[in-house]
Amino acid sequence: MKEKYDGVTTFKIGEGARRADVNKETVRYYEKRELIPKPDRRRSGYRIFNWRHIDQIKFIKQAQELGFTLSEIKELLE
């Protein structure tokens, strides 16, 4: 479900993953590996992702398809 948070369109993990064309576990893994910015959380504890997260996840997937490792991608993103 698309929502607004401080005027920015946000998504729960499932919707963010769907828009990035990955599964939720991939999003969690990228977050754990610090490949994407740590998402804010609602009071309920739900992570809230925005378009920046989605674009970055798409970039990571494209870089992997080109043969880059996650370590190399992390270097590129830093």
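At a glance:
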{"quantity": "Residue list for segment 59-68, filter: open to solvent by less than 80 Å² (accessible area, probe 1.4 Å) and more than 14 Å from GLU34 (Cα to Cα)", "calculated": "LYS61, ALA63, GLN64, GLY67"}
{"quantity": "Qualifying residue in segment 44-54 (condition: out of contact with any Ser or Thr (no Cβ under 7 Å at 6 or more places or on another chain), at pLDDT 95 or above and either buried (at least 17 other Cβ atoms within 10 Å of the Cβ) or in a loop (DSSP other than H, G, I, E, B) (or both))", "calculated": "yes"}
{"quantity": "Enumeration of residues in segment 33-55 that are under 20 Å from VAL8 (Cβ atoms) and within 9 Å of the chain's Cα centre (by Cα)", "calculated": "ILE36, PRO37, LYS38, PRO39, PHE49, ASN50, TRP51, ARG52, HIS53, ILE54, ASP55"}
{"quantity": "Exclusive hit being open to solvent by 80 Å² or more (accessible area, probe 1.4 Å) and among the aliphatic types (A, V, I, L, M), set LEU76, LEU35", "calculated": "LEU76"}
{"quantity": "Segment 55-78: number of residues that are in a helix (DSSP H, G or I) and either touching a His at 6+ places or on another chain (Cβ under 9 Å) or not acidic (Asp, Glu) (or both)", "calculated": "15"}
{"quantity": "Any chance TYR30 is more than 11 Å from the chain's Cα centre (by Cα) and either surrounded by 12 or more Cβ atoms within 10 Å (Cβ to Cβ) or hydrophobic (A, V, I, L, M, F, W, C) (or both)", "calculated": "no"}
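The values are calculated or read from the model by the stated rules, or taken from the named source; none is laboratory data. Please read these numbers as outputs of a predicted model, since none were measured by experiment. Using ideal geometry, Cβ is built from the backbone for each residue, glycine included, and neighbour counts are taken over all protein chains shown. With ligands, DNA and RNA removed, areas are computed over all heavy atoms of the protein, side chains included. Shrake-Rupley method; radii C 1.70, N 1.55, O 1.52, S 1.80 Å.
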